[in-house]
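Since the structure comes first, as structure tokens, the remarks are kept for the end.
The values are calculated or read from the model by the stated rules, or taken from the named source; none is laboratory data. On a predicted model such as this, the values are computed, not experimentally measured, just so you know. Please note: Cβ atoms are built from the backbone with ideal geometry, for glycine as well, and neighbour counts cover all protein chains shown. These accessible areas exclude ligands, DNA and RNA; they are computed on the full protein's heavy atoms, side chains included. Shrake-Rupley method; radii C 1.70, N 1.55, O 1.52, S 1.80 Å.
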Amino acid sequence: MTETKQVETIIHVKEGEMKIVPILWFGGSDRTLKTRVLLDKRGSSAKVLCFFFAKSGTLTLETEVVHDAPDTFSRTIIKGVLDGTARADYEGRVVIRKGSKRADADLNEHAILLSPQARANAIPRLEVLENEVKAGHGATVGKIGEEELFYLATRGLPKDEAKALIVRGFLEAFVDEFPPEQAVDIRARLARV
């Protein structure tokens, strides 16, 4: 039986501050992460960014971003690729409380499954208690399409190389959102795909 590492984080963002909250998981072990971001000062902003790439292990991730002041901004982006027996369970919540006029929030999770045993579940939720806000959410979980693989095969790429190219393309643009130290780590791992 593997031991699950659990981490719970609460982040307060100052007035006018933009905070990036990076979350990385590369599998191999089970991990439970809970991250809560409080935007309770005018003009506070946050980006919660989670990158996962795994062949084994389970990631259980919960995020909550609470808008409790006017003119707040948040983006929660969860993105990754699962292979082998890896699993990612994500539950995200954005709350826009009364009095948080002009809040702007978006919550998205996107996963690619490379094996029939890999699993990803996503539950994005919005709780909007104020008018005059922007709020959105979405989730996608899918496999690499046979059409994409066929197209690359007609260009001379073997199936494994084509899959690796699609995976890198899916994840690479997202890496630029991370602080430099995490971006370097992610790029080094992607180079081995």
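Convert 4 °C to kelvin, take the viscosity as 1.567 mPa s, use the Kirkwood radius over C-alpha pairs of the stretch 77-165 as Rh, and evaluate the Stokes-Einstein diffusion coefficient in µm²/s, rounded to a whole number. D = 85 µm²/s.
Loop-located trypsin sites (Lys or Arg not before Pro) in the stretch 14-79 (DSSP state other than H, G, I, E, B) with a sparse environment of at most 15 neighbouring Cβ atoms within 10 Å: LYS14, ARG42. Cβ-Cβ distance of LYS14 and ARG187, R₀ of 25 Å, FRET efficiency by 1/(1 + (r/R0)^6): the value works out to about 0.25.
For the stretch 143-183, trypsin sites (Lys or Arg not before Pro) meeting the loop criterion (DSSP other than H, G, I, E, B) and having at most 11 other Cβ atoms within 10 Å: ARG155. When SER56, SER44 are compared by accessible area of protein heavy atoms, the largest-first order is SER56, SER44, using a 1.4 Å probe. Each label was represented as a point 7 Å from its Cα along the Cα-to-Cβ direction; for GLN6 and GLU91 these points are 1.3 nm apart. Net length available on complete extension from LYS55 to ILE123 is 22.3 nm, with 0.36 nm assigned per residue and the Cα-Cα distance removed.
Secondary structure note: in the stretch 1-59, about 0% of the DSSP beta bridges are antiparallel. Here the accessible area is traced with a 1.4 Å probe on the protein chains. For the chain, carbon and sulfur cover 50 percent of it. Taking every protein chain into account, the 1.4 Å probe leaves PHE26 with about 50 Å² of accessible area, to the nearest ten.
Cross-link partners among aspartates and glutamates for LYS101, C-alpha distance below 20 Å, same-chain residues fewer than 8 apart left out? Within the straight-line limit of under 20 Å, LYS101 reaches these aspartates and glutamates: GLU15, GLU17, ASP40, GLU64, ASP68, ASP71, GLU127, GLU130, GLU132. Rounded, prolate or oblate for the stretch 1-155? Axes are the square roots of the Cα gyration tensor eigenvalues, ordered a ≥ b ≥ c, and the cut-off for rounded is a/c under 1.5. Judged from the Cα gyration tensor, the stretch 1-155 comes out prolate (a/c at least 1.5, a/b above b/c).
Of all lysines in the structure, the ones whose alpha carbon falls short of 25 Å from that of LYS34, not counting any fewer than 8 places away in one chain, are LYS5, LYS14, LYS19, LYS47, LYS55, LYS79, LYS98, LYS134.
Relative to the dominant Cα principal axis of the chain, helix 159-175 is inclined by about 20°.
Estimated at the nearest 10 Å², the accessible area of ASP160 is 130 Å² with a 1.4 Å probe.
Helix 180-191 axis versus longest C-alpha principal axis of the chain: approximately 20°, rounded to the nearest ten.
Against the criterion of solvent-accessible heavy-atom surface with a 1.4 angstrom probe, THR140, THR32 sort, most first, into THR140, THR32. Net charge dipole, the stretch 1-155: roughly 240 debye, given to the nearest 20, about the Cα centre with Cβ charges of +1 for Lys and Arg and -1 for Asp and Glu.
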